[in-house]
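For reference, the structure is listed below as structure tokens.
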Amino acid sequence: MKKDNFFIITGGPGMGKTSLIEALAARGYDCVPETGRDIIRQQVAAGGNALPWGDREAFARLMFEQSLADFQQRVGQTAPVFFDRGIADTIGYLELCGLPVPAAMREAAALYRFNNKVFLTPPWKDIYEQDSERKQSFDLAVATCNSMVATYQQLQYELTVLPTATIAERIRFILSAAGLPG
């Protein structure tokens with residue numbers, strides 16, 4: 001199942017993905033927020049351990065389940081949809097952590113296909129910030145980006161690197177590259 005109207009924005013943490021998703025949503029595009037932050041908030045509030053600094057496999061499983069549900073909930077849409085990370089990002093996360101990738105995740109990533117053009121936010125130290133949910137060092141954020149690149153390339157997606165520019169300039173670049181009105 002391939003959805004050419006589903007666009008992924010991926011990369012390392014703290015590289016501007018959420019700001020881009022928010023800006024696209026403000027322009028009226030349907031956007032799916034990153035699942036990882038929501039899971040972290042839910043787990044912290046509930047006293048759970050499915051966290052990147054706790055049970056990373058459980059955290060990855062929850063991210064995968066939500067990413068799959070996000071795709072399936074919108075499968076009937078024909079208008080463009082922008083995703084802050086995709087199903088494959090969970091595979092990249094597990095590989096980064098040196099953890100096994102369940103066959104079901106690989107099968108889902110092969111079955112539920114997004115637009116072949118995936119937008120990559122490259123490492124950009126000037127905008128990187130840590131917070132209560134983003135505890136990674138900049139070096140680990142770069143390693144995460146590299147893992148996403150490898151994962152999407154393995155899945156035969158075409159990575160389109162976004163410029164290190166203002167949000168407005170990045171949005172214009174995304175919309176132009178996607179063939180969408182600005």
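Results, tabulated for the structure shown:
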read-out: Subset of the range 111-139 that is hydrophobic (A, V, I, L, M, F, W, C) and exposed (fewer than 14 other Cβ atoms within 10 Å of the Cβ) - its residue that is modelled with the lowest pLDDT; value: ILE127
read-out: Test: PHE64 is under 20 Å from SER147 (Cα atoms), of a type in the set (Phe, Trp, Tyr) and touching a residue at least 24 places away in the same chain (Cβ under 8 Å); value: yes
read-out: Condition check for THR10: at pLDDT 95 or above, of a type in the set (S, T, N, Q) and under 18 Å from PHE173 (Cβ atoms); value: yes
read-out: Tally of residues being of a type in the set (D, E, K, R) and either more than 15 Å from the chain's Cα centre (by Cα) or over 20 Å from LEU94 (Cα atoms) (or both) across the range 18-52; value: 4
read-out: Residue that is surrounded by the most Cβ atoms within 10 Å (Cβ to Cβ), among those in the range 162-178 that are β-branched (Val, Ile, Thr) and assigned to a helix (DSSP H, G or I); value: ILE174
read-out: Hits in the range 148-161 - residues which are in a loop (DSSP other than H, G, I, E, B) and surrounded by 12 or more Cβ atoms within 10 Å (Cβ to Cβ); value: LEU155, TYR157
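The values are calculated or read from the model by the stated rules, or taken from the named source; none is laboratory data. Owing to the predicted nature of the structure, the values given are computational and were not obtained by experimental measurement. Note that we place each Cβ from the backbone using ideal geometry, even for glycine, and neighbour counts take in every protein chain shown.
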